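Below: one structure, written as structure tokens.
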Amino acid sequence: MDCTNAQNLLDAYVDGELEPLRNLEIEEHVHGCARCSQTYSDRQIIRRGLKTESLYFKAPADLQKRIEHSVRQAAKAEAPAGWFSGSWFKIAAPIAATALVVLMLVPYFHGLSSDELLTHEVVAGHIRSLMVNHLADVPSTNEHTVKPWFNGKLDFSPPVSDLAKQGFPLVGGRLDYLNNRPVAALVYQRDKHVINVFVWPSDNGAQTGGPVKTQQGYHVIRWSSSGMNFWVVSDLEQNQLAKFTDLLKSSTTTSAS
Ligand SMILES: [Zn+2]
């Protein structure tokens with residue numbers, strides 16, 4: 001895939017509208033192209049901006065009726081005068097514009113549960129961290145360096161433990177933004193595979209977990225414990241990632257108690 005193709009397809013890619021094969025081609029290109037990588041980051045920022053609650057509004061139930069009514073009225077008043085003159089356009093254009101925005105936004109949120117949206121975000125965050133050469137704000141294998149680094153940058157203190165002895169060395173930490181809030185991203189490595197662990201406070205204290213999800217070749221495992229949400233994402237083989245998850249779970253439970 002070349003730059004022109006990639007640039008043309010990036011919007012559809014960000015919106016998850018492409019075939020899996022096309023996704024791979026785009027990812028491969030973006031990975032090695034600074035210009036498209038920058039465009040991709042920009043699109044992600046716009047996409048996140050669109051997801052903020054303040055921009056997301058529900059279409060009023062009577063909107064369709066009002067549009068139909070306005071169009072009928074306008075058609076009666078000015079049948080042969082053409083589209084772009086007179087009252088028809090004045091009345092219908094703003095309503096149509098509003099309807100268009102609603103129609104563009106509604107399918108975006110419709111049909112995807114908040115869990116699925118978050119899975120998309122987590123995978124996108126993982127890919128972005130690999131792509132724009134921004135894996136760690138604090139590159140360190142020392143948990144006693146990484147943990148205090150988050151002080152003052154987040155309103156919570158993420159549990160950080162090095163799992164080097166178990167074969168999953170900590171390589172650093174960074175700030176990220178997920179689920180409409182700043183989160184801690186802890187970066188681990190296994191061979192050449194990067195593991196991102198996103199951590200932020202959970203609303204309920206219950207111990208919960210979800211099934212492993214796989215998206216675009218990345219496995220996502222999530223759970224909540226000790227008042228924190230944990231989302232683990234990597235292209236590491238699934239059994240290995242499950243092992244890592246178990247180690248992380250037991251280490252965070254021990255350090256919290
Ligand atoms: Zn390119």
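Descriptive notes on the structure:
- Looking only at the stretch 25-45, and only at residues there that are more than 8 Å from the ligand (Cβ to nearest atom) and open to solvent by 100 Å² or more (accessible area, probe 1.4 Å), the one that is nearest to the chain's Cα centre (by Cα): ILE45
- Of the residues screened, ASP162 is not one that is in contact (Cβ under 8 Å) with a residue 12 or more places away in the chain, of a type in the set (Asp, Glu) and closer than 24 Å to GLY16 by Cβ.
- Counting only residues that are open to solvent by less than 40 Å² (accessible area, probe 1.4 Å) and farther than 21 Å from MET228 by Cα, the stretch 139-167 holds 2 of them.
- Residue in the stretch 186-201 that is closer than 27 Å to ASP15 by Cβ, surrounded by fewer than 17 Cβ atoms within 10 Å (Cβ to Cβ) and in contact (Cβ under 8 Å) with a residue 24 or more places away in the chain present: no
- Qualifying residue in the stretch 161-175 (condition: within 28 Å of ILE45 (Cα to Cα) and aromatic (Phe, Trp, Tyr)): no
- Listed conditions (1) within 29 Å of GLU17 (Cβ to Cβ); (2) open to solvent by 40 Å² or more (accessible area, probe 1.4 Å) are all met by GLY209, apart from (1).
- Condition met for SER225 (open to solvent by less than 10 Å² (accessible area, probe 1.4 Å) and over 29 Å from VAL14 (Cβ atoms)): yes
- First in the stretch 1-23 and within 16 Å of the ligand (Cβ to nearest atom), second anywhere and open to solvent by 70 Å² or more (accessible area, probe 1.4 Å), Cβ under 7 Å, 6 or more apart: CYS3/ARG35; LEU9/ARG22; ASN23/GLN216
The values are calculated or read from the model by the stated rules, or taken from the named source; none is laboratory data. Nothing here was measured: the structure is a model prediction, and the numbers come from that model. Note that we place each Cβ from the backbone using ideal geometry, even for glycine, and neighbour counts take in every protein chain shown. Ligands, DNA and RNA are stripped out before the accessible areas are found, and what is left, the full protein with its side chains, is counted by its heavy atoms. Shrake-Rupley method; radii C 1.70, N 1.55, O 1.52, S 1.80 Å.
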